[in-house]
1. Please give the per residue accessible area of the range 200-248, computed with a probe of 1.4 Å over protein heavy atoms only, in Å².
2. If you stretched the chain out fully between Ala45 and Arg94, how much longer would it get, using 0.36 nm times the residue separation minus the C-alpha to C-alpha distance?
3. Quick one: if the Förster radius is 30 Å, what FRET efficiency do Arg163 and Ile67 give, using the C-beta to C-beta distance and rounding to 0.05?
4. With loop defined by DSSP as not H, G, I, E or B, and exposure as at most 14 other Cβ atoms within 10 Å, which is the longest segment of the chain clear of exposed GluC sites (Glu not before Pro)?
5. Give the carbon-plus-sulfur fraction of the accessible surface of the chain in %, rounded to a whole number; probe 1.4 Å, heavy atoms of protein chains only.
6. Within the set of other residues whose C-beta is less than 12 Å from the C-beta of Ala181, count the net charge using Lys and Arg as +1 and Asp and Glu as -1.
7. Gain in length, Asp82 to Thr195, computed as 0.36 nm per residue apart minus the alpha-carbon separation, to one decimal in nm?
8. If Lys and Arg each add +1 and Asp and Glu each add -1, what is the summed charge of the other residues whose beta carbon sits under 14 Å from the beta carbon of Gly50?
Amino acid sequence: MSYETILVERRDRVALITLNRPKQLNALNVQMARDITDAAQKFDADETIGCIVVTGAAKAFAAGADIKEMTDLSYMDAHRLDWFHLWDRLADVRKPMIAAVSGYALGGGCELAMICDFIIAADTAKFGQPEVKLGVMPGIGGSQRLTRAVGKAKAMDMILTGRMMDAAEAERAGLVSRVVAPEKLLDEVFDAAKTIAAMSLPSTRMNKEAVNAAFETGLAQGVRFERRLFQATFAMRDQKEGMAAFVEKRPPSFSHD
Ligand code: CAA
């Protein structure tokens, strides 16, 4: 797999997607949306991959959608092309995805990180939805995912003022799961990704689906959905293996089915 705007590699059962437009601070143009979603879909379909990591560069995870590409866009073009629809494909990925964020994660960059299942950040990370300063607004789900992640008060503050949130504030607000020193970022993320990738793949898919249901349904419906998924795990060989391994005091050997 080789792409124009990203680098991809795999380490055992972990896939790494590195955004690679450093001169533009990884501004997300359409080609990048195509490349990232194509790579993520291919890794999602590859049963030898258990977790996908998305990262950028030290200065910028991504400084937003490519403003230069959008400047002359007309409403009819945006509507006809359904501008940004490609990113929905990333939200449909069923395997766990972790964003490893260092530096700027602004606009579409923050939105890309939030499409991932959780964010581990370097203490240099800066998150923001500054679209209002450009006379526009978030367009890749920021107004929805940021609000669900940090609540209405902070989301309104961020989106209406366009201010940035540093890594410490992002962790306090619940946007980020862990903050680490920049030089430890990829090691920390790979450790988490390897841990996830060693679990039973159907089980991780179901766990991800159940947590996501908390954002899309009411509590009673979500709890019922979780219970059905829980019961479904008893159809899996990995449930028998995981529980037998515990009883026999040995590590499990999952066959991912
Ligand atoms: N789109 C296009 N190019 C961008 C870009 C973007 N979002 N962000 C940075 N760049 C380019 C700059 O134009 C510059 O290119 P040139 O060297 O050719 O001039 C290069 O990257 C380096 O940027 P700066 O010189 O500005 O670097 P800096 O260190 O002085 O500032 C920054 C860094 C604060 C992140 C600043 O670049 C910035 O404010 N960028 C724009 C952030 C932004 O508004 N993002 C939202 C975009 S809209 C969006 O994302 C909509 C949506 O919901 C999806």
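1. 68
2. 16.7 nm
3. Computed FRET efficiency for Arg163 and Ile67 comes out at 0.95.
4. 48-247
5. 56
6. Value of the local net charge: -2.
7. Computed gain between Asp82 and Thr195 is 37.0 nm.
8. Local charge sum for Gly50: 0.
The values are calculated or read from the model by the stated rules, or taken from the named source; none is laboratory data. Keep in mind that this is a model prediction, so the values were computed, not measured. Ideal geometry is used to build each Cβ from the backbone, glycine not excepted, and the neighbour counts take in all protein chains shown. Ligands, DNA and RNA are excluded from the accessible area calculation, which covers all protein heavy atoms including side chains. Shrake-Rupley method; radii C 1.70, N 1.55, O 1.52, S 1.80 Å.
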